[in-house]
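Read the structure below first, then the notes.
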Amino acid sequence: MLLDNATVNPVVHLLLSPAAGNAMLRFKSTAVGGLIVKKVLVIAALSLSCATPSLAFDEATAAIVAHHKAGKPINITDVAQLMRSSERWCYNQDGTTCDWSDVYLEVTDAGADYEISNAWNETYDIAFVDKGVFEDNRSICETGFDWVPSVRASLRADGSVVSGRALATLKADIAAEIADGDSTRNCFDYLWQGADTAAQTITLLQRQYVDGAYDASRDTPVTLHFDPASAAALTWRW
C-alpha cells in the first residue's frame with residue numbers, strides 16, 4: 001500500500017475476541033512529518049467454525065464409521081442409529097436409481113417403521129409403510145404387517161399423483177398379487193462395506209434369512225444417504 005510517498009511507521013495492534021472466536025487486526029499507518037495521518041482498519045473474521053473442518057456425518061454416525069471394518073457384521077444398535085440419522089437407504093444403487101429404497105420413519109429399541117418405495121410396474125411407482133422388529137441384536141425381521149392400505153402411487157411417466165378410483169384399483173391389484181405369495185418369514189442383517197465422508201454415504205451389504213436359513217443369492221448392497229439433496233434425487237428402476 002502506498003501512502004502519499006511518505007515515510008511510514010506502522011503500528012499493529014491485534015485484538016482477540018474469545019467469545020466470538022474472531023480476530024480484529026488494527027493497522028495504523030502514520031505519515032511522519034506530514035499533515036495527513038491515515039488509519040486503515042482491517043477486520044479479519046477467523047471464526048473457530050472455519051478453522052476446524054466440519055464433519056459430514058453427525059457425531060453418533062461418525063463414531064460408528066470410526067470403529068467398523070469392511071466385511072464385519074454390525075450390531076443392531078448401530079444399525080438402528082444409522083436408520084435414525086440417514087435420509088434414505090438405496091438398494092442396488094446404479095447412478096441415481098435404486099431397485100427399491102427405505103426411509104426410516106420411527107426407530108425404537110424394539111424395531112422400526114419405514115417407508116419402502118419402488119417401481120411396481122412400468123406404469124406406477126409406489127410407496128408404503130411397513131414394520132420390522134429387531135432380534136438377537138443383529139437382525140431386523142418382518143412382522144406380517146398389512147401394508148397395502150398405506151400404499152401411495154405416482155405415474156412413472158411424469159410423477160403425477162395417483163388417487164381416487166385409479167389408486168383403489170391399484171391397491172386391489174397389489175393385494176391380489178401378494179396374496180398368492182409365499183408365507184415365509186424374512187430377516188435381514190448387515191455387513192459393513194465402507195463410508196464416503198465427502199459424499200455423505202455409507203455402504204452396507206444386506207443379508208437375507210428365509211425362515212432362519214441364510215440365502216446368499218439374495219445378498220444386496222445398500223447405500224445409505226445422509227445428504228438430503230442426494231437422497232431426494234434418487235429414483236427407482238423398472
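The values are calculated or read from the model by the stated rules, or taken from the named source; none is laboratory data. Remember, predicted model here, so these are calculated numbers, not experimental data. Methodologically, a virtual Cβ is constructed for each residue, glycine included, from the backbone with ideal geometry; neighbour enumeration extends over all protein chains shown.
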Filter result for the condition that a residue is touching a Ser or Thr at 6+ places or on another chain (Cβ under 6 Å), within 20 Å of Glu106 (Cα to Cα) and in contact (Cβ under 8 Å) with a residue 40 or more places away in the chain, over Cys141, Cys187: Cys187
Matching residues, the range 106-137, being of a type in the set (Gly, Ala, Ser), within 16 Å of Val79 (Cβ to Cβ) and either in contact with a Leu (Cβ under 7 Å, 6 or more places away or on another chain) or part of a strand (DSSP E or B) (or both): Gly111, Ala112, Gly132
Positions within the range 55-98 being touching a helix residue (DSSP H, G or I) at 6+ places or on another chain (Cβ under 9 Å), touching a residue at least 40 places away in the same chain (Cβ under 8 Å) and among the basic types (Lys, Arg), in sequence order: Arg88
Boolean, Ser217 is exposed (fewer than 15 other Cβ atoms within 10 Å of the Cβ), closer than 21 Å to Thr96 by Cβ and modelled with pLDDT of 95 or more: no
Among residues of the range 144-176, those that are among the β-branched types (Val, Ile, Thr), touching a residue at least 24 places away in the same chain (Cβ under 8 Å) and outside any helix (DSSP H, G or I), counted: 2
Leading residue by the ranking (modelled with the lowest pLDDT) among those in the range 56-83 that are within 17 Å of Ala229 (Cα to Cα) and not aromatic (Phe, Trp, Tyr): Ala56
Qualifying residue in the range 107-116 (condition: among the small types (Gly, Ala, Ser) and over 30 Å from Phe57 (Cα atoms)): no
